[in-house]
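First the structure, in the form of structure tokens, and then the observations on it.
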Amino acid sequence: MTPRILAFAGSLRRESFNKKLVRIAANAARDAGAEVALIDLEDYPLPLFDQDLEAEQGMPGNGAKLKQIFIDHDGLLVASPEYNTSITADLKNAIDWVSRPAPCEPPLAAFRGKVAALMSASPGALGGLRGLVHLRSILGNIGVVVLPDQIAVARAHEAFRANGSLTDPKQQEGIDTLGRTLASFLMKIKA
Ligand code: FNR
């Protein structure tokens with residue numbers, strides 16, 4: 001069965017390096033035979049999670065839409081910026097909303113059993129690597145199998161060509177391989 005992968009960046013920024021990065025991995029996963037949906041979290045604006053708001057108004061429409069998209073996919077390709085050594089508030093907020101169970105639904109239905117591959121890009125020297133430590137921990141603790149392979153692209157402001165590819169062929173191959181690895185892993189476990 002063709003694996004379905006959801007690809008997105010943890011940044012809302014229009015010229016986001018992480019949006020560029022996840023696009024490369026998404027194309028590679030598609031070329032490897034997966035069905036890939038590349039989405040932009042900017043298209044699903046959500047209020048800051050608040051349990052009172054949830055109790056009074058329920059899941060916002062965009063939260064429900066986003067959660068259904070997660071449920072409909074087997075794998076996650078995530079490129080996360082590092083903000084103050086962790087993930088962005090936007091990404092955490094999306095995870096928090098999507099993690100909320102509907103009545104009579106098993107907990108963490110949108111995450112449990114999914115497989116994820118992680119990457120990051122930052123103008124800094126570590127490429128956002130410290131944020132990936134947190135993201136790996138968060139996703140692992142909500143039931144996602146996170147592949148050991150990951151890539152952090154440092155000096156991201158110099159790393160991309162105008163056409164969106166990476167200037168360093170090794171890095172380009174690394175991101176391509178990450179996308180392909182997720183696709184082939186999902187094909188194996190779904191066979
Ligand atoms: C940053 N940035 C940053 N970079 C980094 O390598 N380590 C860090 O801890 C931080 N912290 C941080 C905090 C805040 C509030 C902002 C706005 C930025 C820089 C960040 O990597 C840079 O803005 C990237 O370009 C963000 O990713 P996108 O939007 O280009 O994908």
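Filter region 116-158 down to residues that are among the hydroxyl-bearing types (Ser, Thr, Tyr) and within 11 Å of the ligand (Cβ to nearest atom) and give me whichever is nearest to Ala37 (Cα to Cα).
Filtering region 116-158 for residues that are among the hydroxyl-bearing types (Ser, Thr, Tyr) and within 11 Å of the ligand (Cβ to nearest atom), the one nearest to Ala37 (Cα to Cα) comes out as Ser120.
Quick one: in region 8-32, which of the residues that are part of a loop (DSSP other than H, G, I, E, B) and aliphatic (A, V, I, L, M) is farthest from the ligand (Cβ to nearest atom)?
Only one residue tops the list, namely Ala32.
Check region 111-126 and report whether any residue there is closer than 16 Å to Val22 by Cα, part of a helix (DSSP H, G or I) and under 13 Å from the mean Cα position of the chain (by Cα).
No; the residues of region 111-126 include none that is closer than 16 Å to Val22 by Cα, part of a helix (DSSP H, G or I) and under 13 Å from the mean Cα position of the chain (by Cα).
Provide a single number: the residues in region 93-111 that are under 18 Å from Leu46 (Cα atoms) and either in contact with a Ser or Thr (Cβ under 8 Å, 6 or more places away or on another chain) or β-branched (Val, Ile, Thr) (or both).
3
Is it the case, given these coordinates, that Asp40 is within 16 Å of the ligand (Cβ to nearest atom) and touching a Phe, Trp or Tyr at 6+ places or on another chain (Cβ under 9 Å)?
So Asp40 passes the test.
Is one or more of the residues making up region 54-67 under 18 Å from Lys114 (Cα atoms), among the hydrophobic types (A, V, I, L, M, F, W, C), crowded, with 23+ Cβ neighbours inside 10 Å and away from the ligand (no atom under 11 Å from the Cβ)?
Checked against the condition, which is being under 18 Å from Lys114 (Cα atoms), among the hydrophobic types (A, V, I, L, M, F, W, C), crowded, with 23+ Cβ neighbours inside 10 Å and away from the ligand (no atom under 11 Å from the Cβ), region 54-67 yields at least one hit.
Cβ-Cβ under 6 Å, sequence separation 6+ or interchain: first residue in region 161-174 and assigned to a helix (DSSP H, G or I), partner among the hydroxyl-bearing types (Ser, Thr, Tyr) and at pLDDT below 95. Which pairs?
Every condition considered, no pair remains.
Could you tell me whether Ser80 is buried (at least 16 other Cβ atoms within 10 Å of the Cβ), more than 16 Å from the ligand (Cβ to nearest atom) and of a type in the set (S, T, N, Q)?
The answer is no for Ser80.
Filtering region 93-115 down to residues that are among the charged types (D, E, K, R) and under 22 Å from Val36 (Cβ atoms), which residue is surrounded by the fewest Cβ atoms within 10 Å (Cβ to Cβ)?
Arg112
Identify all residues within region 94-105 that are touching a helix residue (DSSP H, G or I) at 6+ places or on another chain (Cβ under 9 Å) and outside any loop (DSSP other than H, G, I, E, B); write none if there are none.
Ala94, Ile95, Trp97, Val98
For region 37-93, what are the residues that are over 24 Å from Ala26 (Cβ atoms), part of a loop (DSSP other than H, G, I, E, B) and either under 11 Å from the mean Cα position of the chain (by Cα) or not hydroxyl-bearing (Ser, Thr, Tyr) (or both)?
Result: Pro47, Leu48, Phe49, Asp50, Gly58, Met59, Pro60, Asn84.
The values are calculated or read from the model by the stated rules, or taken from the named source; none is laboratory data. Everything numeric in this text was worked out from a predicted model, so none of it was measured. All Cβ positions, even for glycine, are placed from backbone atoms using ideal geometry, and neighbour counts span all protein chains on display.
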